Amino acid sequence: MSDSHLTLTKENSELKKDNEILKEHTARLDGHTKLLNSTSAKLKSMNLALSLESSELMEQIVNLTSTNLQLRQEYEQLVLYTSEQEEKKLNVSETIKHLISSNSELQEEKRQLSEMNSLQRDELFEVKEQNQELVEINEKLQGEIQTLSEEMEALSNDNCEKLQEEVSQLQDQNQNLSMVLVKERQEAAEQEGNRTKEMEQMVADIQSVNEAFHSLDLYCPVVNQRTKERICKKCPDSWRLFETKCYYFSSRMLNWSSSRAWCRTQGGDLLIINSEQEQKFISDTSQAPEQSNTRLWIGMTDAEEEGDWRWVDGSEVISDVQYWLSRPGMATEPDDWKLDDPLGEDCGHIDTSENVLESWMDGSCKIPYRWICEKNV
């Protein structure tokens, strides 16, 4: 029994030691657990911060991608505009060459006119000399008349009547000469006036020739400098022909009033749509693959009176030719939306991404869009 008691005591001591060791291990594990919890909390905080940074970076990437796309579009527009300017520069160079040639011809005509004018001045000088001779003859006759009058006073009454008749004859001759002199002066003045009118008409003709040459070079450019062969066209470069009108589809963007001003500098105005065929032509031709902006200004506005839509020539937008956009479950255009502009939407445009016969919309006149010009052939 004592041996068993000793054995149990010994085992109990060992168990107590093992228990102390377990307690130490438990304390260490608790320390590690607290450290792990603290580390986990820090990692969660860092993960949250990284998530926020990642979101911000993604937003910046999206913004940079959008900016890059916009810059690329602007670059493409600049390239297209540069090519158009180069083409215009080439046309201007050709026009200058033709104007130089035309100027040489006009200089030759001017020289010929100067020679004609010199001849006419010589003729006028001769007429003036003849007039001077007549004046001298008239003065001479006046002296003779005066002499005869003095002699007549000195003569007797018998010779008075005879001298009187001679004086009367001389006075008649003098009067005839005076009338001839006046008539010749009038004719000389008329000739001078006619020559002045002829010179003015010649100058006007030269100006007309200059304008004709300018128009000729624009619409009938020379295609062969050696043979001076010309090929005439109905519309200027960069304009499209449809029926009896020329149309220009811009690649740049301006607001409504600036777009109209540009069209008017080209001898036209913003587009007026008069038929379904014209609407289809405009819609088909406006759909340029390189253009991301599908909206283009046309020539209608209700700026004078809200809801009273008028074309730029003052005519009313008639009900038979209207192609306003209609969205199911939403308000039909025009809706005078005021979210983008408190003044509302007073200018008309088309959207080529919509149905051809339902593509008209009203918009704020301040927004830059592409535009369409038209002018007569």
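Just so it is clear, none of the values below were taken in a lab; they were calculated from the coordinates. If you're wondering where the values come from, they're calculated on a predicted model, not measured in any experiment. Reconstructed Cβ throughout: ideal geometry from the backbone, glycine too, with neighbour counts over all protein chains shown.
Measuring r between the beta carbons of residue 339 and residue 308 and using R0 = 22 Å, the FRET efficiency lands at 0.45. Highest mean packing first, where packing is the average number of other Cβ atoms within 10 Å per residue, the peptides 68-74, 262-268 line up as 262-268, 68-74. Taking other residues whose beta carbon is less than 12 angstrom from the beta carbon of residue 37, and scoring Lys, Arg as +1 and Asp, Glu as -1, yields +2. For the cross-link pairs 110/228; 140/183; 245/280; 234/366; 338/375; 233/280, the ones whose C-alpha atoms lie over 26 Å apart are 234/366; 338/375. Each peptide among 321-329, 300-308 gets the average number of other Cβ atoms lying within 10 Å of its residues, and from highest to lowest they stand as 300-308, 321-329. Sparse packing (at most 14 other Cβ atoms within 10 Å of the Cβ) combined with a DSSP loop state is found for the following trypsin sites (Lys or Arg not before Pro) in the stretch 337-377: 338, 366. Over the stretch 243-348, Cα pairs under 8 Å with separation of 6+ residues give a relative contact order of 22 percent.
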